[in-house]
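The structure appears below as structure tokens.
The values are calculated or read from the model by the stated rules, or taken from the named source; none is laboratory data. These figures come from a predicted structure and were not determined experimentally. Glycine gets a Cβ as well: all are built from the backbone with ideal geometry, and neighbour counts include every protein chain shown.
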Amino acid sequence: MTRKVAESLERGLRQAIAYMDGTADLGQYRVHVPREIDVKAIRTKLKMTQQEFAATFGFSINTLRHWEQGKRVPEGPTRAYLLVIDRAPKTVQKALRAA
């Protein structure tokens, strides 16, 4: 491994640690939320019915159906929430149960 690669890895690790322990300058980080979220694919991946998905994550069944039929699209914060559901569904469920 070249020195340049090693330094880059070390810098990345230091940044990750700072981010995780809360000492990072959050102004340097941006979150990418895709413009399009395939809600049906997320639900299918979780092996949930529309009813189960809506009830579990707090969506209206009608809203969920409209998203899946392409009649409406999730807006900014909802897209971010759906992205988190897609990547960490058990964590979201645990957080919602604790609320």
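List of remarks:
- In segment 47-74, the residues that are outside the structural domain of residue 93 (by TED's automatic domain parsing) never reach a residue that is in a loop (DSSP other than H, G, I, E, B) and buried (at least 17 other Cβ atoms within 10 Å of the Cβ) with C-beta atoms less than 7 angstrom apart, at least six apart or across chains.
- Tally, over segment 49-84, of residues that are part of a helix (DSSP H, G or I) and basic (Lys, Arg): 2
- Within segment 32-48, the residues that satisfy the criterion of being surrounded by 12 or more Cβ atoms within 10 Å (Cβ to Cβ) and assigned to a loop (DSSP other than H, G, I, E, B) are 33, 37, 38, 46, 48.
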